[in-house]
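K.L.:
Sharing a structure with you now.
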Amino acid sequence: MEKKNIDWENLTFSYTPTDYRYVSTYRDGKWDEGELTTDATVHISECAGVLQYSQSCFEGLKAYRTKDNRIVVFRPDMNAQRLHDSCKRLEIPPLPEGRFEESVEKLVHANKDYVPPYGTGATLYIRPFVFGSGPVIGVSPAPEYQYRAFCTPVGAYFKGRVKPIVIRVSDYDRAAPRGTGNIKAGLNYAMSLHAIVEAHQQGYSENMYLDPATRTKVEETGGANFLFVTKDNVIVTPKSDSILPSITRRSLMYVAEHYLGLKVEHREVRFDEVKDFAECGLCGTAAVICPVGKIDNHGEEICFPSGMEEAGPVLAKLRQTLVGIQDGEIEAPEGWIREIK
Ligand code: PLP
Ligand code: COI
């Protein structure tokens, strides 16, 4: 590993450009072969579909360095499938079969000196994205697209690593019923910016969004799914058509059941049952598992018995097992780990 001048232990979740990124263009009805480039700047029309009508979607996944110094990526096939689903919903032509995984492999390989050393708590975050690059002025899909993927070494998403956070119940909605909440469209995040800036100004780390139709059920936060633990150690995760199907959440449900022998329930979660859970946390690629200590619902506080000092025992064990699988210390289920050589 060539030495990069990076303070790995103190990285935050922010953008540090690396040497290479991957780019492929869709023109005249087909995707070109794609290539690595050192050019981090995108040159597009002022009338590009992404600039006018926000026609874009993205993914997020991570590369990890194992104890024996291998580089692995976690479940890229799942991100490939979700990007495909996002593209279909946004009338973006999906990438050719296998192209996503190929791009991730080439990207990580070319930037392997940026994969943080084992044990630093840092990882290499990979951000693939597709956007309408061709001009549109009437509301319609763009005639041309770019797929790009870059990577950046990152630390924890929330300050304080695994310290419990405080969140609030948001008065804004994240996604409409039958809208785009279940895909990773950039527009979902644009409309959450006002809510997150306001939450931060008021001292909260995130927003808990409720279902927009009835505001009685828990959906997710701006960038992660919820995990709850009942007093009997059952893992409960909210089910809704307007939640992003988190790969971390789906992986954790498998780990809880098959590695830890816990019962898991993926079902609608009423907000009025949240106060009865023993533990609460957020999960996602960026968040990993972040414990929630307190939820503020317009001045009425829900304080979880796990407290504000550390994660509760079940979520701590789940996190440790997932990270162990990602780091190569615990044997992964078949197909979860893709080694980059
Ligand atoms: N929910 C939202 C809104 C997200 O942005 C993310 C991040 O990708 C997640 C959930 C977690 O998904 P994943 O575990 O696939 O990263
Ligand atoms: C991820 O976890 O990969 C995400 O895209 C979440 C984002 C809010 C950083």
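K.L.:
Quick one: which of 142, 149 is surrounded by 17 or more Cβ atoms within 10 Å (Cβ to Cβ), within 16 Å of ligand 1 (Cβ to nearest atom) and aliphatic (A, V, I, L, M)?
P.N.:
One residue alone meets the criteria, 149.
K.L.:
Across region 202-230, which residue is farthest from ligand 1 (Cβ to nearest atom) among those that are aliphatic (A, V, I, L, M) and within 14 Å of residue 296 (Cα to Cα)?
P.N.:
210
K.L.:
Does residue 94 meet the test of being touching a strand residue (DSSP E or B) at 6+ places or on another chain (Cβ under 9 Å) and either among the aromatic types (Phe, Trp, Tyr) or open to solvent by less than 60 Å² (accessible area, probe 1.4 Å) (or both)?
P.N.:
Judged against the criteria, residue 94 is a match.
K.L.:
Open to solvent by 10 Å² or more (accessible area, probe 1.4 Å) and assigned to a strand (DSSP E or B): does that describe residue 266?
P.N.:
yes
K.L.:
In region 279-303, which residues are open to solvent by less than 10 Å² (accessible area, probe 1.4 Å), hydrophobic (A, V, I, L, M, F, W, C) and away from ligand 1 (no atom under 16 Å from the Cβ)?
P.N.:
Scanning region 279-303 gives a single hit, 295.
K.L.:
Could you tell me which of the residues 199, 195, 175, 190 is hydrophobic (A, V, I, L, M, F, W, C), open to solvent by 60 Å² or more (accessible area, probe 1.4 Å) and within 16 Å of ligand 1 (Cβ to nearest atom)?
P.N.:
190
K.L.:
Can you tell me how many residues within region 55-91 are among the polar types (S, T, N, Q) and open to solvent by 50 Å² or more (accessible area, probe 1.4 Å)?
P.N.:
Qualifying residue count, region 55-91: 2.
K.L.:
Pull up region 106-131, narrow it to residues that are under 28 Å from residue 88 (Cα atoms) and open to solvent by less than 10 Å² (accessible area, probe 1.4 Å), then point me to the one that is nearest to ligand 2 (Cβ to nearest atom).
P.N.:
If we take residues in region 106-131 being under 28 Å from residue 88 (Cα atoms) and open to solvent by less than 10 Å² (accessible area, probe 1.4 Å), then 126 is nearest to ligand 2 (Cβ to nearest atom).
K.L.:
Kindly provide the set of residues from region 6-63 that are touching a Cys at 6+ places or on another chain (Cβ under 9 Å) and more than 16 Å from ligand 2 (Cβ to nearest atom), ordered by number.
P.N.:
18, 20, 21
K.L.:
Related question: So which residues in region 306-341 are open to solvent by 20 Å² or more (accessible area, probe 1.4 Å), closer than 21 Å to residue 228 by Cα and assigned to a loop (DSSP other than H, G, I, E, B)?
P.N.:
306, 307, 308, 309, 310, 311 - these are the residues of region 306-341 that are open to solvent by 20 Å² or more (accessible area, probe 1.4 Å), closer than 21 Å to residue 228 by Cα and assigned to a loop (DSSP other than H, G, I, E, B).
K.L.:
Considering only region 2-50, state which residues are of a type in the set (D, E, K, R) and either assigned to a loop (DSSP other than H, G, I, E, B) or modelled with pLDDT under 95 (or both).
P.N.:
2, 3, 4, 7, 9, 19, 28, 32, 33, 39, 46
The values are calculated or read from the model by the stated rules, or taken from the named source; none is laboratory data. Not measured: the values here are computed from a predicted model. A quick note on method: Cβ atoms are made from the backbone with ideal geometry, for glycine too, and the neighbour counts reach across all protein chains shown. These accessible areas exclude ligands, DNA and RNA; they are computed on the full protein's heavy atoms, side chains included. Shrake-Rupley method; radii C 1.70, N 1.55, O 1.52, S 1.80 Å.
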